[in-house]
Amino acid sequence: MQVKICKHIDEVEAKQWNALVIDNNPFTRHEFLNALEKQACVGETFGWLPCHIAIYDDNELVGAMPLYEKLNSYGEFVFDNAWADAYRRYGIPYYPKLVSSIPYTPAQGQRLLVKSERREQVYPLLLETMQAFCTSINSSGFHCLFPQDEEHQWLESQGLFSRYDCQFHWHNHNYQSFDDFLQRLSSRKRKNIRKERRKVVEEGVSFRVLDGHQATENDWAVFNHFYQKTFTEKWGIATLNYDFFKQVAQQLPNQIVLVLADQNGETVAGSLMYRSDTTLYGRFWGCSEEVDYLHFEACYYQGIEYCIKRGLKKFEPGAQGEHKIARGFVPTLTKSSHFLSDSGFQTAINRYVEQEHKAILDYIEELNQHLPYKKG
């Protein structure tokens with residue numbers, strides 16, 4: 001088999017790359033990764049340098065790994081700033097490091113793209129290639145963020161240590177309508193959600209739920225304004241842009257879920273979600289007018305309704321947020337796999353994450369005592 005390190009995703013044929021993607025996951029598709037590169041959302045400016053692995057057998061792509069050389073820890077959502085600080089205090093460089101992840105996207109998905117019948121053969125070659133590349137660029141280590149459970153288990157069996165965190169996901173128990181979902185909740189939580197939704201309607205807000213075919217250039221311009229405004233005011237660096245949103249919408253139109261809120265003839269808020277064949281992923285939100293409960297409606301309730309109508313099994317609305325529990329989302333363990341080149345740090349940090357894991361499990365157990373669902 002032939003192994004290639006690709007500085008641009010375009011070095012791999014899109015059809016062959018996408019043939020390895022499971023569940024039609026939008027973030028691991030060639031089109032999404034290509035848009036990040038084409039529209040300068042990754043690169044030296046933001047510290048994400050593409051170095052994707054491609055493995056061929058007689059010109060057929062049989063394995064791949066989305067991979068980035070990282071010069072910082074921005075946009076990963078698995079926070080290792082304390083690790084970097086420990087390296088600095090010991091006079092050892094922590095950057096560059098290698099990260100297999102989707103930039104700015106804390107969503108579970110494939111990181112080892114391999115046809116199922118070739119896993120035993122190709123998984124080890126992907127790992128060996130990554131480790132050799134790690135040595136060649138003098139990287140401090142490798143981090144596989146939000147892999148699928150099966151991938152995480154295999155990486156753990158190969159000696160990578162695991163780290164855990166908590167997100168809040170919604171699951172579709174074959175609900176027939178939003179009211180059907182509400183009936184599963186306790187009376188108080190059910191009334192509260194209905195009150196929040198009613199308040200938004202009383203403010204004269206209506207919603208448009210658009211895919212990539214339906215959203216116009218003006219819709220994307222308005223949403224991009226919301227996105228840029230949110231990052232300017234709250235989150236710091238806006239890495240994505242209008243051209244990125246537009247390119248993904250054009251190339252993956254059926255996987256776009258753009259929710260726009262209109263009031264008095266103007267679009268005042270929007271949330272952007274993406275979908276696979278089974279899962280809805282909430283990603284970005286912004287607004288120009290503050291309306292009570294509008295964020296919950298645009299980012300959560302509209303998404304839940306979409307999942308019920310389209311038969312999607314799960315809704316991942318993004319990282320963090322205990323407030324999601326009252327709205328039907330349940331605490332869910334997330335995972336990442338790590339390898340550090342320095343054996344001393346590998347041992348020390350592995351002990352740290354074992355203690356962290358226990359704390360995360362205790363946290364989830366405590367949260368589970370406050371779920372909004374009826375007992376039993």
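No value in this document is a laboratory result; all are computed from the given coordinates. Since this is a predicted model, take the numbers as computed values, not measurements. All Cβ positions, even for glycine, are placed from backbone atoms using ideal geometry, and neighbour counts span all protein chains on display.
Quick one: if the Förster radius is 35 Å, what FRET efficiency do residue 57 and residue 241 give, using the C-beta to C-beta distance and rounding to 0.05?
FRET efficiency, residue 57 to residue 241: 0.40.
Relative to the Cα centre, what is the charge dipole magnitude of the chain, using +1 at the beta carbon of each Lys and Arg, -1 at the beta carbon of each Asp and Glu, and rounding to the nearest 20 debye?
Values: 41 positive and 48 negative charges, 230 e Å.
So the magnitude is around 1100 debye.
Return the subset of 7/246; 189/314; 70/313 for which the Cα-Cα distance in this structure is over 29 Å, preserving the input order.
Violating the 29 Å Cα-Cα cut-off are 70/313.
Quick one: Debye curve from the alpha-carbon atoms of the range 208-316 only, equal weights, vacuum; give me log10 I(q)/I(0) at q = 0.11 Å⁻¹ to two decimals.
One equal scatterer on each Cα of the range 208-316 leads to -0.31.
Compute the relative contact order of the chain as a whole-number percentage, counting only Cα pairs closer than 8 Å that sit 6 or more residues apart in sequence. Don't skip to the answer; put the middle values down first.
Working: 663 pairs, mean separation 75.4, N = 376.
Over the chain, the number comes to 20 percent.
Where in the chain is the longest stretch that carries no chymotrypsin sites (Phe, Trp or Tyr not before Pro) classed as loop by DSSP and with at most 16 other Cβ atoms within 10 Å?
On the way: sites that count: 74, 79, 90.
By the stated rule (loop sites, at most 16 other Cβ atoms within 10 Å), 91-376.
Could you tell me which of 364, 54, 125 has its Cα farthest along the dipole of the chain towards the positive end, charges placed at Cβ (Lys, Arg +1; Asp, Glu -1), taken about the Cα centre?
364
Rounded if a/c is under 1.5, else prolate if a/b is larger than b/c, else oblate: which is the range 72-219, with a ≥ b ≥ c the root eigenvalues of its Cα gyration tensor?
prolate
Over the range 88-163, one equal point on each Cα, no solvent: what is log10 I(q)/I(0) by the Debye formula at q = 0.24 Å⁻¹?
Calculated log10 I(q)/I(0) at the listed q: -1.26.
If you add up the charges near residue 243, with Lys and Arg at +1 and Asp and Glu at -1, over every other residue whose beta carbon is less than 15 angstrom from its beta carbon, what do you get?
-2
Within a Cβ distance under 13 Å of residue 183, other residues only, what is the Lys/Arg minus Asp/Glu net charge?
+4
Could you compute Rg(Cα) / (2.2 N^0.38 Å) for the range 288-363, with N its residue count?
That ratio works out to 1.61.
Per the Kirkwood definition applied to all pairs of different Cα atoms, how many angstroms is the hydrodynamic radius of the chain? Please report the intermediate quantities before stating the final value.
On the way: mean 1/r = 0.0456 Å⁻¹.
Computed over Cα pairs of the chain, the Kirkwood hydrodynamic radius comes out at 21.9 Å.
Take every Cα-Cα distance within the range 179-242, group them into 10 Å bins from 0 onward, and report for each bin the whole-number percent of pairs it holds.
P(r) over the range 179-242, rounded to whole percents: 17, 26, 31, 25, 1.
Using only Cα atoms, tell me the angle between helix 187-202 and the longest principal axis of the chain; keep it within 0 to 90° and round to the nearest 10.
80 degrees
Taking R0 as 25 Å, what's the FRET efficiency between residue 314 and residue 2 from their Cβ-Cβ distance, rounded to 0.05?
The computed FRET efficiency comes out at 0.10.
Add +1 for every Lys or Arg and -1 for every Asp or Glu among the other residues with Cβ under 12 Å from the Cβ of residue 156, and state the total.
Details: positive: 163, 335; negative: 149, 150, 151.
Here the charged neighbours net out to -1.
Farthest toward the dipole's positive end in the range 301-376, which of 353, 337, 320, given Cβ charges of +1 (Lys, Arg) and -1 (Asp, Glu) about the Cα centre?
Result: 320.
Can you sort 273, 130 from fewest to most other Cβ atoms within 10 Å of each residue's own Cβ?
Lowest count first: 130, 273.
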